[in-house]
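Participant: One structure follows; several queries about it will come next.
The values are calculated or read from the model by the stated rules, or taken from the named source; none is laboratory data. If you're wondering where the values come from, they're calculated on a predicted model, not measured in any experiment. Neighbour counts run over all protein chains shown; Cβ positions are idealised from the backbone, glycine included.
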Amino acid sequence: MIQTLKNAWGIPELRKKMLFTILALLLFRIASVIPVPFVDANALANYFEATLSTTILGLFNAMSGQGLSQAKVLALGIQPYINASIIIQLLTVAIPALERMAKDEGEEGKKKIEKITRYTTVALALLLGWGYYSILSSQSGMLTRTGWMPAVVIILSYTAGASAIMWLGEQITEFGIGNGISLILFANIISGIPGMIGRMAAMVWWQILLVVVAMALLVVFIVFINDAERRIPIQYAKRVVGRKIYGGQNTNLPIKVSMSGVMPVIFASSITSLPATIYAFFSTDQTNWWYVHVMSSHSAFYAVCYFLLIFFFSWFYATIQYDPVEISNNLKKNGGFIPGFRPGKPTADFIQRVINKILVFGAVYLAIVALLPIIAGDLMPAVGNLAIGGTSVIIVVGVALETVKALEAQMLMRHYKGFLD
């Protein structure tokens, strides 16, 4: 990775892209400290620490670099854009008009889909800003001033922050290196590392050593699974077109083990944290039986629901990404086949069986990574205070690997001799 960055820095065009990405992320981090007017940040931070740390807002707070608990303008982070992208993606599958727009209209259709996604992002940001203001106004001492004017200012501040993040992410994607939204999420998560190091300093030496070793092994495990894939061999029959012979070559159909990325974990975390979030709106008592044994993130019921939801969303995303019947038909049209299986339904059934096996392994991998920090926090409370989430680790490692691959692809396009050697 270090060698790749060094080689990329030596190419003037890539150096400009890297500098643009660094400056954009620096601008984002500077904007992340701008406070929202009329909100008492200290009171809000204490409320988050005491009540909302185990709710869905606690997850969003980690994704926003602690922006929610500190009442910053960019507190909503990239959540509105991510949710809008997922909603439009699902609607593209469900609504024929959107599907035709995405597939048949080419680049123009993609631009229309992107415009719809932007408008949806702003609408969701308005909704989330209003919901966040409702939480602030329902707790005494959170707002330094009440009335309709402060309400409008607070809601529009959060909406403007989410829109600015969306715009900045698109600029990084177009003029920088890698996916802008992913890099912004990456920057938010790693911004919490200094605080985590400060909390680690209060632990005993053997706990620090155990955490460092466990984190290193977890990163190695994530990197290994992220690159793992099942390659289905494909052969193409020879075809004579005019005086030329096409086909007759061997290739493969790669199916990644981590085919759905971190999205199943994010959705599972959101849904399992929803009961605790609703409970926090009506009560601050976290000692009763219902909260301790059902809604708390440290309960066995929470862990089981979390595990099952990760499996469900992994299957859901796999069904969206891979259609065995469509893959089989495309192979048949192009003269390709899987050795040992007849074209058509036998090929589709074989691909479906392979996907199901990989799906189970990938879901177990996500569940292990997501539940491991929770289990470690139950066994050692000092580790639980570090706020290390399996979702955050997967995102950080995945974005780093994707960015390096984007750099390698850019260098390969430019036929960089040092890289090709």
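Participant: Only residues that are exposed (fewer than 14 other Cβ atoms within 10 Å of the Cβ) and outside any helix (DSSP H, G or I): list them for the range 141-158, please.
Facilitator: Passing the criteria: G141, T144, R145, T146, G147.
Participant: Which condition does I165 not pass, out of (1) assigned to a helix (DSSP H, G or I); (2) surrounded by fewer than 15 Cβ atoms within 10 Å (Cβ to Cβ); (3) assigned by TED's automatic domain parsing to the domain that holds K72, if it passes all the others?
Facilitator: (2)
Participant: For A303, are the conditions met, namely being farther than 30 Å from A237 by Cβ, modelled with pLDDT of 80 or more, among the small types (G, A, S) and outside any loop (DSSP other than H, G, I, E, B)?
Facilitator: Judged against the criteria, A303 is a match.
Participant: Also, I was wondering about something else. Restricted to the range 17-53, and to residues that are in contact with a Gly (Cβ under 7 Å, 6 or more places away or on another chain), farther than 30 Å from N179 by Cα and surrounded by fewer than 19 Cβ atoms within 10 Å (Cβ to Cβ), which residue is modelled with the lowest pLDDT?
Facilitator: Looking at residues that are in contact with a Gly (Cβ under 7 Å, 6 or more places away or on another chain), farther than 30 Å from N179 by Cα and surrounded by fewer than 19 Cβ atoms within 10 Å (Cβ to Cβ), I get A43.
Participant: So, of the residues in the range 102-117 that are touching a helix residue (DSSP H, G or I) at 6+ places or on another chain (Cβ under 8 Å) and modelled with pLDDT under 80, which turns out to be nearest to M196 (Cα to Cα)?
Facilitator: Applying the filter and picking the extreme gives A102.
Participant: Looking at the range 340-421, what helices (runs of 4 or more DSSP H) fall wholly within it and have at least 3 residues that are modelled with pLDDT under 80 and at positive phi? Even if it seems obvious, please write down each step before you answer.
Facilitator: Numbers: elements: 345-379, 381-384, 390-413, 417-420.
Hits in the range 340-421: none.
Participant: L90: part of a helix (DSSP H, G or I), more than 21 Å from F48 (Cβ to Cβ) and in the same structural domain as A45 (by TED's automatic domain parsing), yes or no?
Facilitator: Yes: the conditions hold for L90.
Participant: Determine whether the range 131-140 contains at least one residue that is part of a loop (DSSP other than H, G, I, E, B) and either closer than 30 Å to D40 by Cβ or of a type in the set (F, W, Y) (or both). Walk me through how you get there before you give the answer.
Facilitator: Step one: filter the range 131-140 for residues part of a loop (DSSP other than H, G, I, E, B), giving 139-140.
Now restrict to residues that are either closer than 30 Å to D40 by Cβ or of a type in the set (F, W, Y) (or both): 139-140.
Checked against the condition, which is being part of a loop (DSSP other than H, G, I, E, B) and either closer than 30 Å to D40 by Cβ or of a type in the set (F, W, Y) (or both), the range 131-140 yields at least one hit.
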